[in-house]
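Derivation of every value follows stated rules applied to the coordinates shown; laboratory data play no part. What you see is a predicted model, and the numbers here were worked out from it, not measured in a lab. Because the Cβ atoms are built from the backbone with ideal geometry, glycine has one as well, and the counts that use them run over all protein chains shown.
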Amino acid sequence: MHAGPLVRILQKNVEFQWETEEQTAMAILEEALCNAPGLITLGNSDGAWQIVVGVDTRSEGLGVILQQGDENKNRHPCHYENGRWIKDKKSYDEGKRECHGLVKALKNFGNDGYGVRFLVEIDATTLVHQLNLPTNKLPGATVPARIA
């Protein structure tokens, strides 16, 4: 809603005009990003609702979010981060990137998630497939030799 004027001027074949409407939209978005009004404080008391750690990775980078549900089962963000992979990790397969993303999220949100139960959401299609394979079909698996 607030970004509409900015989106319009960045479209193809539209003349770029920075006027009052665009300046106002930018000021509203800057305020929201700098003060993070949409973030809530994580509650981990006995009556607190479910905590969710979400991880999404791509070949170029990752995004992680810490959320907590409310009484209506709506989730509200508590903390979020994103980043780019270093050169070596860009070549990892999807499953390995998802695992590294989860480890990074747990390290970054460690104090908030320490001693409480939480749900982890990742794009686990590859991981589930690998977990369902027989052990000798997993990439890099050690296969015991049969001695006759």
Problem set entry | Contour excess over end-to-end distance, with Cα ends at Y92 and D70 and 0.36 nm allotted per residue | 4.3 nm
Seminar exercise, completed: Between H2 and residues 5 or more places away or on another chain, the pairs with built amide H atoms under 5 Å apart involve none
Exercise. Out of residues 5 or more away from C78 or on other chains, whose amide H comes under 5 Å of its own, with H placed 1.01 Å from N in the peptide plane?
Worked result: I40, L66, Q67, Q68
Exercise. At M1 and Y80, where each label point lies 7 Å from the Cα along Cα→Cβ, what is the point-to-point distance in nanometres?
Worked result: 1.7
